[in-house]
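The values are calculated or read from the model by the stated rules, or taken from the named source; none is laboratory data. No experiment lies behind these values; they were computed from the predicted model shown. All Cβ positions, glycine included, derive from the backbone under ideal geometry; neighbour counts span all protein chains shown. Heavy atoms of the whole protein, side chains included, go into the accessibility calculation; ligands, DNA and RNA do not. Shrake-Rupley method; radii C 1.70, N 1.55, O 1.52, S 1.80 Å.
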Amino acid sequence: MKFPLFSLAAALALGGAFDIAPAHAEDVYPGAPIRIISPHQAGSTTETFARMLTAEMGELLGQPIVIESHPGAAGAIGARDVALSKPDGYTGLMNASIQVMYPGMFQNLGFDPVKDFTPVGVFGFAPMVVVVSEQSPFKSFKDMIDAARANPGKLSFASGGLGSLPHLVGEVVNERSNVKITHIAYNGTGRALSDVMGGHVDILYASVASVVPLIKSGKLRALAVTSAKRVDLLPEAPTIAESGLPDFDVSSWYALWMPKNTPQAIVDKVNKAMRDASAKPAVQERLKQNGIIASTLTAAQFAEFCNAENARWLSVMKRANIQAN
């Protein structure tokens, strides 16, 4: 059916008379599915962690959350795609803490990984663990440090990538212990795990969830966890703080960003959905089984946290002489 132009004009004029005004986009948000970009391979740890909340988030928001994988350049390609997207709340980026470390990894990103995004919230915090092969002579974190001091530069540690948080944790351990354990970067944790289990590399820093099955099966030995408190999945593993480095406390974190200038009302609504989903008993159990600590940070608190983490880890990268490519 076609409406006469006069009727349409009259209707618009009458709208003012009856005080009819269009609702702001954020008032009715979301009115369509929300697309979230995972900047890593499908099935990555980042995506796995995010999926622990997204179904419940979608239910709370009244629209499904659709996850797309845009891998490449340690996640920088997918992050750039989101940075250039319309800031309407319908495109987001889920990435690990590496997001705030990109300036120390790449010289020419084509976007600012901090200023071109609006921090929304944290999917969860994931403590890491220091592991060695079950055949390793190291029975404790102290054994490892003592051996490193006695044999400067002879020991090696692996991580899933240059500039990744596990890599930087190893550098902080070196710095605080005054030792030199050589870093070996891998493209992902899988190959690193194989080489550590085979005795080709001495030590691995990895998320607790990624190595618990290998620890339980006796293929790896946990020396210490990186968080301030012991974790439920590895109750026998002491913290690094307990093992000689007081106040040591580092965890990986997985979060959601949207493009800069996304309306604050939308950001706060999605953040609330994240926190409310995290509080659901079924989600709490899911997180616990995977060694993840739920976040209670508001969007404003997360923004402050991002800035602090950016400054903290870029400083570590500078001191460790990690050069941007």
Subset of segment 67-93 that is within 18 Å of the chain's Cα centre (by Cα) and polar (S, T, N, Q) - its residue that is surrounded by the fewest Cβ atoms within 10 Å (Cβ to Cβ): S69
Failed condition for I98, given (1) part of a helix (DSSP H, G or I); (2) open to solvent by less than 20 Å² (accessible area, probe 1.4 Å); (3) touching a Gly at 6+ places or on another chain (Cβ under 9 Å); (4) of a type in the set (A, V, I, L, M): (2)
Residue pairs meeting the criteria (Cβ under 8 Å; at least 6 apart or on separate chains; first assigned to a helix (DSSP H, G or I), in segment 291-312; second open to solvent by 30 Å² or more (accessible area, probe 1.4 Å) and among the acidic types (D, E)): A299/D268
Single match in A185, A158, A192 (criterion: aliphatic (A, V, I, L, M) and in contact (Cβ under 8 Å) with a residue 40 or more places away in the chain): A158
Near pairs, Cβ below 9 angstrom, 6+ apart or cross-chain, from segment 218-233 (free of Cβ contacts under 8 Å to residues at least 24 places away in the same chain) to any residue that is open to solvent by 20 Å² or more (accessible area, probe 1.4 Å) and of a type in the set (S, T, N, Q): A228/S251
Verdict on F125 being in contact (Cβ under 8 Å) with a residue 40 or more places away in the chain and more than 29 Å from L297 (Cβ to Cβ): no
Segment 187-204, residues that are over 18 Å from the mean Cα position of the chain (by Cα) and under 25 Å from P103 (Cβ atoms): A192
Boolean, V201 is of a type outside the set (D, E, K, R), open to solvent by less than 70 Å² (accessible area, probe 1.4 Å) and part of a helix (DSSP H, G or I): no
